[in-house]
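J.: Take this structure, written in C-alpha cells, and hold onto it; I'll ask about it next.
The values are calculated or read from the model by the stated rules, or taken from the named source; none is laboratory data. Small disclaimer: the values here were computed from a predicted structure and weren't measured. Here the Cβ positions follow ideal geometry from the backbone for every residue, glycine too, while neighbour counts run over all protein chains shown.
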C-alpha cells in the first residue's frame, strides 16, 4: 500500500466524494501554544459534537431546520459554550494544575438533556447541558420580577402558566470527580452499562460510578515498587462497546492489554496481550518512541480495535493477539526524518483515529493539515487537506500527494515542505451519516459526502 | 551543565552533523543499514537526548510518557556507545569520521568540565545529609558516598566522570518524581542558545551561594518529601 496517499481515487466506501461543508473558528485568531481545537462527536446520535479549545468547551448541534433539505444534512451550529475547568493549585506539591482539557466523552442521552464528561490532568467533571425554552409565569408568592408578595394580600389563587421564551442553553456541572489521580489523566471512557466509567493516568486506571464522587476503584496499577524501574506508561484506555466487564489499555511500548473485570478486583494481569513483534530490519534508536500507542478505539461492532502509533494505524482482531490484521501507513515518508522529528519533539505528538459508522473505513490525521482515510474493503486510501483555501461551499476535496524523492510532480508537495506545526490530531466521523469533522489548529472543518 | 562556550560554538555544526549522520543511519536504502541496524549513535544524538531529559525533568510536573520514552532511548544509545573508546566500526561516509572524532573528543571534555562543577554542588547536598558524619569529598564522589537520599538519584545521571556517563546512573533517575527538587536552585541552568524542543526552557537561574537558612530549608524539604510519596487513594 502506498504510504504517501493513494492515487486519485477517493476512499471511504463506494467512491465517496468529500466536499467542504462548514468551518468553525475565527480566521485570524492567534493560537496560544498548546491550545488546539479538539473534538469528539456523540457516538450515540452524531447530532451533537463538541470541540474544545484549552479549557473552553463548545458544543455544536445540528439545527433541525436545515435537516431534510437536498444537499444538506443540516448545519452544525454552536449550541453552548462554557468553561469546564478552572486552574487549580495543588498545595501539597506547590504546583498549579492546568485547566486545559485532555478528553471529553459524551454519555448516552436518556432524556432531553445532554451529559458529557470532561477531564483535565487531575479532575473529571460531569456536565449537564439542557435547554430552556419555557418560563413559568403567574406565581402566587412572588411577582414577575421576583419580589415576594405579602401572603396576607393574596386574595385569589392562580395556577402558574408556562410561556415560551427564547431558547437558552445552560451547562451546569453536576458531578466533580477529584483527587483520585496522582499522574496526568489521559483517557476517560464511558461503560456500556451507562453507569460506570473509567479514567486512566500514566500509571493507574480507576473505575467510577457516575453517581458517586467520593470513591473510585483502582483497577489497574502499573506503578513499580521502585520508580527507578519505570520503563512503560499507560497511554490510552477504553471500555468495550458491548461487554461491560471488558476494557483495554495501551502502553508507551506499543502493547495493548485487554482486561476482564470479572476475573479479579485489580486487573494487573491481563486476559489478552496484543503486541506485534518488532521488524529487525527497521529497528532504530527511535523504534520504541514510534511504537508508542497514542490512541486505541474499539470498532462499533466490538470485534476489532484500532491503535494509532506514530507512523501507522493498526487494526486488531480481538481474537488474535500475535499481530494486527491490518496495518495502514499514515506517513511512511517520515521514517527517514525521525531524527529531526525527535529533535523538535514532533515525534511525541499524539494522533487520534476513528472508525466510520459501519466500521468499513478509518480515518486519522497527519501534518500539514492533511488527514488520511483508509477503506478496509477496497484497500484504497486517500490523503485530504483541511485548509481555508479549499473551503468554498460544496467544493470537492482534491486528493493530495506527498512526494518522497526524485521528481516532484505538479500538485505534489515534497516532504521537506510539510508544515509540522499544522497537525491534525483529532478527527471524527458521524456514527450514521457520511459527515466528518476535522480539527486543524483552531478551526473545525466539517465535510460531507456529496454523492450519497 | 554543559560548558557554554564549547557547546555554543559547536552547536550548529553538531546539529547538522547529527541530522545528516543520523538520517544516514536511518536511510533504509543504504546497504550497510539494510543489513545491520545502526550499531553506534553519534554523540550528538546522545547529547540531544540528555538535553531533552534535563529539560523534561525541569518541568514542574514532568510529562511521564515523554520522560520514560527519552530515558529508554538514551539507554539504547548508551548501550550502543559502549565501549566508547573506538569509533563506530561500521563504515561511515568519508566526510564524517574526522568530524565525528573531534566532536566526541570535544564534547567529552566539555561534559567533564561541567560535570565537575555540578558535582561540586552535589557535594553540598550530600554534606547536608552527612551532618552527623562529614565526609571528605574530593574528586568525583559519584555514588560511592553513602547516605545520598534517594531523591537525588536523578543527579546520578551525570555520575562519575568516567568515559561512559550513564553506567547505571539511570536507575537513580526514577524516584517518585519529587518536584521540590526541581524547584531547588542547585540545578545549573540550561546552556543558552540550546533548544531541546519547541518550548525554550527558562534558563536564567544562577548558581546561588547556599547560606544557613537555605540549607536548613533544603534539609526539611529532602527529609519531608519522603512522606509525600504515597498517592491519595480513594478506593485503593
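J.: Filter region A:174-190 for residues that are more than 9 Å from chain B (Cβ to nearest Cβ) and touching a residue at least 60 places away in the same chain (Cβ under 8 Å); which is surrounded by the most Cβ atoms within 10 Å (Cβ to Cβ)?
T.: A:189
J.: What is the number of the single condition among (1) outside any strand (DSSP E or B); (2) modelled with pLDDT of 95 or more; (3) in contact with a strand residue (DSSP E or B) (Cβ under 6 Å, 6 or more places away or on another chain) that residue A:267 does not meet?
T.: (2)
J.: Among the residues of region A:214-233, write down those that are surrounded by 19 or more Cβ atoms within 10 Å (Cβ to Cβ) and more than 9 Å from chain B (Cβ to nearest Cβ).
T.: If the condition is that a residue be surrounded by 19 or more Cβ atoms within 10 Å (Cβ to Cβ) and more than 9 Å from chain B (Cβ to nearest Cβ), then A:219, A:220 are the ones that fit.
J.: Right, here's the next one. For residue A:281, indicate whether it is farther than 25 Å from residue A:355 by Cβ and loosely packed, with under 15 Cβ neighbours inside 10 Å.
T.: yes
J.: Additional query: Show the residue pairs that are 6+ apart or on different chains and have beta-carbon atoms under 9 Å apart, the first residue being within region A:133-158 and over 28 Å from residue A:169 (Cβ atoms), the second being not in a loop (DSSP other than H, G, I, E, B).
T.: Sorted first by the residue in region A:133-158, then by its partner, the pairs are A:140/A:151; A:141/A:148; A:141/A:151; A:148/A:142; A:149/A:142.
J.: Could you name every one of the strands (runs of 3 or more DSSP E) located completely within region A:358-452 that has at least 2 residues being out of contact with any helix residue (DSSP H, G or I) (no Cβ under 8 Å at 6 or more places or on another chain) and surrounded by 19 or more Cβ atoms within 10 Å (Cβ to Cβ)?
T.: Result: A:361-365, A:370-375, A:381-385, A:426-429, A:435-440, A:443-449.
J.: With the condition kept exactly as written, say whether any residue in region A:102-115 is in contact with a helix residue (DSSP H, G or I) (Cβ under 6 Å, 6 or more places away or on another chain) and surrounded by 13 or more Cβ atoms within 10 Å (Cβ to Cβ).
T.: no
J.: Given the criteria within 14 Å of another protein chain (Cβ to nearest Cβ), surrounded by fewer than 18 Cβ atoms within 10 Å (Cβ to Cβ) and more than 30 Å from residue B:78 (Cα to Cα), does residue A:271 qualify?
T.: no
J.: If you scan region A:305-350, which residues turn out to be crowded, with 19+ Cβ neighbours inside 10 Å, away from chain B (no Cβ under 14 Å) and closer than 18 Å to residue A:288 by Cα?
T.: A:307, A:308, A:312, A:313, A:314, A:324, A:330, A:331
J.: Here's another thing I want to ask about it. Considering only region B:47-82, state which residues are in contact with a strand residue (DSSP E or B) (Cβ under 7 Å, 6 or more places away or on another chain) and assigned to a helix (DSSP H, G or I).
T.: B:65
J.: Looking at A:293, A:289 in this structure, which one is within 11 Å of chain B (Cβ to nearest Cβ), assigned to a loop (DSSP other than H, G, I, E, B) and free of Cβ contacts under 8 Å to residues at least 60 places away in the same chain?
T.: Of the residues listed, the single one that is within 11 Å of chain B (Cβ to nearest Cβ), assigned to a loop (DSSP other than H, G, I, E, B) and free of Cβ contacts under 8 Å to residues at least 60 places away in the same chain is A:293.
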